[in-house]
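Inspection log for the structure reproduced underneath, given as structure tokens.
The values are calculated or read from the model by the stated rules, or taken from the named source; none is laboratory data. Remember, it's a predicted structure, so these values are computed and weren't measured experimentally. When we count neighbours, we look across all protein chains shown, and the Cβ atoms used for this are built from the backbone with ideal geometry, even at glycine. Heavy atoms of the whole protein, side chains included, go into the accessibility calculation; ligands, DNA and RNA do not. Shrake-Rupley method; radii C 1.70, N 1.55, O 1.52, S 1.80 Å.
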Amino acid sequence: MPTPPPTGPLVTRDTVAAQLRLLGVRTGEILLAHSSLSSLGWVNGAAVAVVQGLLDALGPDGTLVVPSQTGDLSDPAVWSNPPVPEEWWDRIRATMPAYDPLLTPTRGVGVIPETVRTWPGALRSAHPQTSFAAVGARAREITDGHATDCRLGERSPLARLEKLGARVLLLGAGYAACTSFHLAEYRIPGPLVAVGRPAPGGGWETVTEVAITSDRFDELGHDFERDRPVVRGKVGAADVRLFPVADAVAYAERWLPLHRPREEEFLHPPV
């Protein structure tokens, strides 16, 4: 049986740049992008063309930031997708490679962030599970100093993005992917959790962290979009949303205590 022709629209590097500019992406700004390549249509050049288009829209003074998370560098006891046999746990902990910002691939965030992570000149933050990668004029300022006991809080790139006036770009991704909401979790009194991971010098370590989860972020995003100004449009076939990091964090700080009491939360990072 012949392979069916691809479904459109046809998307190119120029398509991405032009349509982002029409939505109001400005030369020189900072974008935190959450993305889905498959949502765009048939992209000539795949993830490379998308990243090129994003950088074209931002210009030489702009900065592109993506989540480059590695949730698999975690305690196998909490894995669920898939779980592993309990008799493997000790061996996995003893042999898991430590985080290396140059070598450790992303997990679960899509091919576009992985492409940014390996882009010429890209920088990556130091947290072994919730790093961010950035390309552009403000990349070092955003990625430096990510505390290894602060996944997505005040000593993470999220707080710097908020301070610098960055905007979130949801490029075919939903609000469940919006990491900016997690910064609000650090500002709401709540439980701490022990997080296991491979230690930088070898062996295993456990650190105390704020409990975070994306549970109900879709509902949070729905209400945020209803109540706050959010730019909406299309790039290719992908639904796009564009809004300030600071607006998302401030709204989540008010919404979460009312709609998602802390006792409902998962107390370990999703993997």
Review point. Of (1) open to solvent by less than 30 Å² (accessible area, probe 1.4 Å); (2) under 21 Å from C178 (Cα atoms), R117 satisfies all except one. Which?
Key: (1)
Exercise for review: Any chance you could count how many residues in segment 64-89 are of a type in the set (D, E) and part of a loop (DSSP other than H, G, I, E, B)?
Suggested key: 2
Practice item. Within segment 48-64, work out how many residues are under 15 Å from T15 (Cα atoms) and not polar (S, T, N, Q). Key: 10
Exercise for review: Filter segment 66-96 down to residues that are open to solvent by 50 Å² or more (accessible area, probe 1.4 Å) and of a type in the set (G, A, S), then give me how many there are.
Suggested key: 2
Revision key, fill the gap. Taking segment 1-48 and the residues there that are more than 18 Å from V111 (Cα to Cα) and in a strand (DSSP E or B), the one that is least open to solvent (accessible area, probe 1.4 Å) would be I30
Practice item. Please give the number of the condition V240 fails out of (1) open to solvent by 20 Å² or more (accessible area, probe 1.4 Å); (2) farther than 22 Å from E154 by Cβ. Key: (1)
Review point. Which of the residues belonging to segment 110-135 are at negative phi, touching a residue at least 60 places away in the same chain (Cβ under 8 Å) and part of a loop (DSSP other than H, G, I, E, B)?
Key: W119, P128, Q129, T130, S131
Check your understanding: Somewhere in segment 49-58, is a residue part of a loop (DSSP other than H, G, I, E, B) and out of contact with any Asp or Glu (no Cβ under 9 Å at 6 or more places or on another chain)?
Key -> no
Review point. Which condition breaks for E141 when tested against (1) more than 22 Å from T106 (Cβ to Cβ); (2) open to solvent by 20 Å² or more (accessible area, probe 1.4 Å); (3) touching a residue at least 12 places away in the same chain (Cβ under 8 Å)?
Key: (1)
Study note, to complete from the structure: Of (1) surrounded by fewer than 18 Cβ atoms within 10 Å (Cβ to Cβ); (2) more than 26 Å from D215 (Cα to Cα), A122 satisfies every one except (1)
Check your understanding: When you scan segment 151-235 for helices (runs of 4 or more DSSP H) that lie fully inside it, which ones turn up with 1 or more residues that are of a type in the set (S, T, N, Q) and either under 23 Å from G136 (Cβ atoms) or in contact (Cβ under 8 Å) with a residue 40 or more places away in the chain (or both)?
Key -> 180-186
Review point. If you check P101 against the conditions, is it part of a loop (DSSP other than H, G, I, E, B) and under 15 Å from the mean Cα position of the chain (by Cα)?
Key: no
Point to revise | Leading residue by the ranking (nearest to W79 (Cα to Cα)) among those in segment 165-222 that are of a type in the set (D, E) and open to solvent by less than 10 Å² (accessible area, probe 1.4 Å) | key: E209
Check your understanding: Taking the stated definitions as given, is P60 open to solvent by 80 Å² or more (accessible area, probe 1.4 Å) and more than 21 Å from the chain's Cα centre (by Cα)?
Key -> yes
